[in-house]
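To start, the structure under review is shown below, and the notes come after it.
The values are calculated or read from the model by the stated rules, or taken from the named source; none is laboratory data. Here the structure is a predicted model, which means the values were calculated and not measured. Cβ atoms come from the backbone with ideal geometry, glycine included; neighbour counts cover every protein chain shown. The area values use the complete protein model at the heavy-atom level, side chains included, leaving out ligands, DNA and RNA. Shrake-Rupley method; radii C 1.70, N 1.55, O 1.52, S 1.80 Å.
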Amino acid sequence: KIVLAAVTQNGNALQFASDTLKSDGEIVLAAVKDEGDALQYAADNLRSDKEVVHAAVKQRGAALQYAKDGLNQDPEFLKAAGLFDEEENATYARPEKATL
């Protein structure tokens, strides 16, 4: 409970938590909701967890750089981080509208 309270107040406090706590989804989620960049301190399995990464990116788009397993290239997360321009990256079903 102490660590949960600490990361809720300052997400970057996660860096001082034990590896076991860095693997705790509830604690990491609270940390990234306060400070998205705290994602860098989370265990790898949570750095590839869609809910955790989305919360981190929603708080701070630049946190996407700490995501694992291709989530940092996923259009959904790129959009959430403000790094994906739908107009520029649109694909067209009709060939006559495609631009080369």
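Tabulated data for the structure shown
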quantity	calculated
Positions within region 3-41 being in contact with a Lys or Arg (Cβ under 9 Å, 6 or more places away or on another chain) and outside any helix (DSSP H, G or I), in sequence order	Glu35
Segments classed as helices (runs of 4 or more DSSP H), wholly inside region 42-86, with at least 2 members that are farther than 9 Å from Val32 by Cβ and aliphatic (A, V, I, L, M)	75-80
Scope region 15-29; condition touching a helix residue (DSSP H, G or I) at 6+ places or on another chain (Cβ under 9 Å) and open to solvent by 20 Å² or more (accessible area, probe 1.4 Å); matching residues	Gln15, Phe16, Ser18, Leu21, Lys22, Ser23, Asp24, Gly25, Glu26, Leu29
